[in-house]
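> Questions regarding the structure given below will be posed in turn.
Each reported figure results from applying straightforward, stated rules to the coordinates on display, with no laboratory input. In this text the structure is predicted, and so the values were computed from the model without any measurement. No Cβ is skipped: glycine too gets one built from the backbone with ideal geometry, and neighbour counts run over all protein chains shown.
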Amino acid sequence: MFSGSWSRLTRLSASITGGQRGLSLFSSSGSSNWSKVVSDAEKIVGYPTSFMSLRCLLSDELSNVAMHVRKLVGTQHPLLNTARGFVSDSKNNLQMRGLIVLLLSKTAGPSRAANDLLAQDMVSGIYPSQRNLAEITELIHTAFLVHRGVVNLKEWTVSDGPLKDMEFGNKMAVLSGDFLLANACTGLAQLNDTKVVELISSAIGDLVQGIYYENSYNAEDGPADGVDAASWEEQTFLSHGSLLAKSCQSALQLAKHDKEAQRLAYLYGKHLSLGHKLNSDLQPFVKSGLGEPATFSLSAAPVLFHRQIVGKERWRQQLQQAKTLRNQLDYSKLSAAVKSEKGVSSAVDLCCYHSNRALEAIQAFPSSEARSALENIASAITKF
Amino acid sequence: MAGPWWRLCRRWAIGGATTTLSETLRCFSGGPASSSACPLGRASWSSGAGDERRPSFSPQTHSKAFHLSSSGLRRAPRCSCRATHSDARPEDPFTLAQKDLSSLYDDIKKELFVSTKELKHLCDYYFDGKGKAIRPIIVILMSRALNIHSNKAGDLLPGQRTIAMISEMIHTASLVHDDVIDSSDERRGKRSINDVWGQKKAILAGDFILSAATTALARVGDSTVVKVLSQAIEDLVRGEFMQLGSKENENERFKHYLDKTFKKTASLMAHSCKAVSILVSSDPDVHEIAYQYGRNVGIAFQLVDDVLDFTSGADQLGKPTAADLKLGLATGPVLFACQQFPELHAMIMRRFSSRGDVDRAWQYVLQSDGVQQTTFLARRYCEEAIRQISLLRPSHERDALIRLTQIVLSRNK
């Protein structure tokens, strides 16, 4: 029975991994330091968190999708890349969010309110419900990676590949994203805690709003104006922080920890996510350029802060100056412009601030191996 | 009328080992609700066989049906028959549910709390009061009928009202995604969200409506209710997946079709009905009645929908919508027609993708009695729904639910 499942998984990966290298889902900060911090942390929580996701991956529904996704090879449909990452990215912290939920669960330990009977169910100091929650967090995150890849067919061009295939890619992306979300829903219901259902549902709502906002300006060249740190934080929290923050809070709710402990867990998740996002936004600006200049999004934090500092008019000029003859953007030129002002340094400062706030949040918990791992992760986001 | 049906069942029997269609259906009426469902479900199909030539609904039929079934049930209240007679005129479900649903769309819009103006507009787009709101109507009537049955007089429970609202939200969220999947550019007489704002935004709007629904669901504060409705959400997606595949084996194909129909349409009705029953009663038999009513009405509703895809519009323009065929889907009328015209088999397997397939398939269906057979099957599901709901103590709302099955069968749009 197991061998059947495995051959199916292999077929699945074979059908969608092309020659391309898998895409890193959590970050671009793939320094060896980061990898070590993560792999050390993984050992602390016992076994990897992949059972629920594996069940989804091996379901008839998703195997079916995998068969169909083969048709998309050769097109530009984003589902293809997401699917590649889905199966081949074992090294690059695919399940980072789940790992943090587990580490926080272990850090907080059993609460005084939870009775002894429950403690017997613990594996490596983590309740089964908390493990399930970690899986659910991952399912939701993956569902939105898939849904983010739906494309607008009215913007279709010949270079995307046949329109029919793109339409089909959308169909698969919608269905498989919905499938993962639906499994997250039933998984949540099984946790028997309506407070947790409410928290995670609202996190899904936040995530949707954050992605919607991102989409509304990514299409052109970032929002009309630069944004200040406060509104950057507000938006980034929705798209990158809420799910982890509310999952961390939920993990402690499941172990019946009090409001204060839950608040601290929430803060750790929130600040870690924001710091991590800043870290990945900063990568193109801090890596000293060997080889071709790094490209970056015009809505990356350092650029947004820079735009706010220099004002609309000067930014327009700088953008104009960085345009080459064929109307392409010369990123190294633009990057130099951004670096000449305080955009990068204020992003670095903000990153350190969030790292510190994350560290502070977990100091109230007793010192342990798990807490040290959380501290290492929070420190690692300020290393570039 | 019954003749072709049973002949068909016999034809469906393949070899000695496999099940016949009638057995398949029998299993279905047990449903995945719980294993305890079997006695009730089974009784319906076997004892129903003698009754089936009388598909019309007179008050007499009701009380007779009630007598027959109540003999086997311990819990049926004694005075019910008289009450049924005294109120011979069936209640209009729409009027009766109206007072509880006057603020439905306003309540939904309040749940859809978003800061981005445009996203808010997208989410509200289909909650314009133009939908049939059939799910909330069923849930409200079921709640009141159940409350009276359980001697809880007075108003609806707040949670029941919320579940009525959630049922419409979940349904709408799935419509928004369905339109992207099927590339439809029209819905309820206006342009679809994906046509106006593009696929990316449509998917997010659907996701947001779903998250708002599950947040409201969590606030009801009952873990069992959350489990019941999350099952309905999962079924919706699995049903959509089932539409991707066709079965080679004809017997399997029909089971696949009914299974898909349950998951895509009936599951939400069944589970919403079950959820409101859990809030008022701890009796699993009552939960089962609510669930079975929703399940049977839901399947009948979809079967009629599948028939209308072939018949509606045909009178005025002579051209059917045949939207399902164009999407490559073989629904009830086609599956029945395939019995008389085996030529359809190949077309079903290639999902009507060759030139002229859709027109030819449509011709075959009209020449066959596929439409009548499907309608007949829908009627059987309605009879079972009536049998189930008649187990409740009589009330205006209960009778309105009975009347609703007639409306489901006779609707023409």
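> Where in region B:114-131 is the amide nitrogen less than 16 Å from a point lying 7 Å along the Cα-to-Cβ axis of B:K190?
From region B:114-131, the list is B:118-131.
> Direction-averaged shadow area of the convex hull around the Cα atoms of region A:29-380, nm²?
Result: 18.6 nm².
> Can you list which of the trypsin sites (Lys or Arg not before Pro) found in region A:263-338 are DSSP loop residues with at most 13 other C-beta atoms within 10 Å?
Passing sites in region A:263-338 are A:K287, A:R326.
> Which value in Å is the Kirkwood Rh of region B:141-258 over different Cα pairs?
Every distinct Cα pair counted, the radius reaches 16.6 Å.
> Just counting partner chain Cβ atoms within 10 Å, what average do the residues of peptide B:173-183 show around their Cβ?
Counting other chains' Cβ atoms within 10 Å and averaging over B:173-183 gives 3.
> Quickly work out the B:S103-to-A:L325 label distance, labels modelled 7 Å from Cα along the C-beta direction, and quote it in nm with one decimal.
6.9
> Take the alpha carbon atoms of region B:93-410, find their radius of gyration, then divide it by 2.2 N^0.38 Å using N residues; give the quotient.
So the Cα radius of gyration is 1.01 times the expected 2.2 N^0.38 Å.
> If amide H atoms are built 1.01 Å from N in the plane of the peptide, which residues on other chains or at least 5 residues away come under 5 Å of the amide H of A:K323?
When sequence neighbours closer than 5 places are left aside, the close amide H contacts are A:D330.
> Give me a comma-separated list of calculated 3J(HN,Hα) values for region A:343-353, in order, Karplus coefficients 6.51, -1.76, 1.60 applied at θ = phi - 60°, integers in Hz, x for any Gly or Pro.
x, 5, 5, 6, 5, 4, 4, 5, 4, 5, 4
> Now, a different point. Run through region B:325-393 and list the trypsin sites (Lys or Arg not before Pro) located in a DSSP loop whose Cβ has at most 12 other Cβ atoms within 10 Å.
B:R350, B:R355
> Let me ask something additional. Report the label-to-label distance for A:T295 and B:L327 in nanometres (one decimal), using points 7 Å from each Cα along the Cα→Cβ vector.
So the label points at A:T295 and B:L327 sit 3.7 nm apart.
> While we're looking at this one, here's another question. In whole angstrom, and with the biggest value first, how far do the Cα coordinates of region B:286-384 range along each principal axis?
51, 31, 22
> Could you check the spin-label model distance between A:E360 and A:R263? Points 7 Å from the Cα along Cα→Cβ, value in nm.
In this crude label model, A:E360 to A:R263 measures out at 1.3 nm.
> When the chain is fully extended, how far beyond the present Cα-Cα distance does A:K154 get from A:D228, taking 0.36 nm per residue of separation?
23.3 nm
> In addition: Give me a comma-separated list of calculated 3J(HN,Hα) values for region B:211-218, in order, Karplus coefficients 6.51, -1.76, 1.60 applied at θ = phi - 60°, integers in Hz, x for any Gly or Pro.
Values per residue, Gly and Pro as x: 5, 5, 5, 6, 5, 4, 4, 4 Hz.
> Can you give the FRET efficiency for B:H121 and B:D155, using 1/(1 + (r/R0)^6), R0 = 35 Å, r = Cβ-Cβ distance, to the nearest 0.05?
Here the calculated transfer efficiency is 0.55.
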